[in-house]
Structure formats: C-alpha cells, structure tokens
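Have a look at the structure below before the remarks.
The values are calculated or read from the model by the stated rules, or taken from the named source; none is laboratory data. The structure displayed is predicted, hence computed values, not measured ones. Counting neighbours? That spans all protein chains shown, and the Cβs are built from the backbone with ideal geometry, glycine included.
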Amino acid sequence: MSDFDPKELKILSDILALVLEDQPGQSATALETIKNRARKNNITGGALKNLFQAIAPDPSQARPKRSTSRTKAAGIPDDYRTQLRQMADSITRLDTDLRAARTQNDHLRLQLQQAQQDQNTTQSLLADQMTRIRYPSLPMIMVVLAAGILSGIAGTEVFHLIQHLTMTATDNARSLY
C-alpha cells in the first residue's frame, strides 16, 4: 500500500463512486467537484490517470512495464506521490484554516449577541429612568405640594404685613392733616 492519507483516498473514492451513480444530480455534482479540484490544482486528465496508477497497491503487478529505463519510470510515480502529498497537505491546511475561521466566526457571533443583549438592557434601563423623570414619585409630589402651600402662606403674610404698614402710615398721615 502507498503512503497516502487514507482520509484523502476515501474522499476520492467516494467522489468517484458518486460519478458512476444512477442519480444524475449526484453524479453531475461529483463530476463537477472533480473538475473543480483538478482545475484548482492544475491537474490534467493524463496526470490524474498517472496518479491513479501511482496509488495502486502494486502497479508493477497490475500492468507490467515494457520500458527499458526503469529509473525514469520509477521516478514519475514518485513525482505524483509527492504532488499528491502536497495536495493532501494543502487540503489539510485549508481545512484547518476553515475550522479556525468558523471558530472565530462563532466567537464573534457570540460577542455580537452579548453586545445586543447589553444594548437591550441599557435601553430598558434608560426607558425606566425616563419614565421616572416624567412621572415623579408620590413623596416628591407631596414635598412640592407642601413647599407650594408654605410659599403661599408666607407670600400672603408678607402681603398683609406690607399692607398693614402702608395702611398704618397713611392713617397716621391723615390724622396729622
């Protein structure tokens, strides 16, 4: 068996199985997935064929080679294995980055929800304070009423005092003349 990631081989085999599926939607989607991955990684059809030959358990027994230069032929599958490992590493790295981005997205979403809850709490407290300012409490009304009554009584007394002083002065002045 080769040194490839079993997870990647399983994904590739699942996608290929879906290509041969009877349902047209799944097979078309799987075929598009293969095309997109190949286009993204700049892989041609011949390269994909050689890649499958390279990952076969023992390609020399499956099809004997007739070439005389075994060193050249042995180097080609190694190149594809190296390329496949690089692709697998790239996919693993992208998967890790995607998970990190999703984790950060979830964290930011939680912060947003917390900020919205804090905003709602602040708005309700502000509304309560505004309500209290517009409608004073009963003790405040009583204090204002008592102050008004006392001011009225004091004002009346000052008025009567001034009136009494002026009346007394005018009465004295009349009696003098």
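One line per residue, one yes/no per condition, for (1) surrounded by 10 or more Cβ atoms within 10 Å (Cβ to Cβ); (2) at pLDDT 90 or above; (3) of a type in the set (D, E, K, R):
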| position | (1), (2), (3) |
| --- | --- |
| ASP95 | yes, yes, yes |
| GLN111 | yes, yes, no |
| PRO136 | yes, no, no |
| ALA147 | yes, yes, no |
| GLU157 | yes, yes, yes |
| ARG174 | no, no, yes |
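Restricting to the range 24-42, give me the number of residues that are under 17 Å from ILE91 (Cα atoms) and either without any contact (Cβ under 8 Å) to a residue 12 or more places away in the chain or not aliphatic (A, V, I, L, M) (or both).
Matching residues across the range 24-42 total 9.
Evaluate the following for THR82: is it in the same structural domain as LYS40 (by TED's automatic domain parsing), hydroxyl-bearing (Ser, Thr, Tyr) and either closer than 30 Å to ASN50 by Cα or not in a helix (DSSP H, G or I) (or both)?
yes
Residues checked against (1) surrounded by 10 or more Cβ atoms within 10 Å (Cβ to Cβ); (2) at pLDDT 90 or above; (3) assigned by TED's automatic domain parsing to the domain that holds LYS40:
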| position | (1), (2), (3) |
| --- | --- |
| LEU108 | yes, yes, yes |
| GLN119 | yes, yes, yes |
| LEU150 | yes, yes, no |
| ILE162 | yes, no, no |
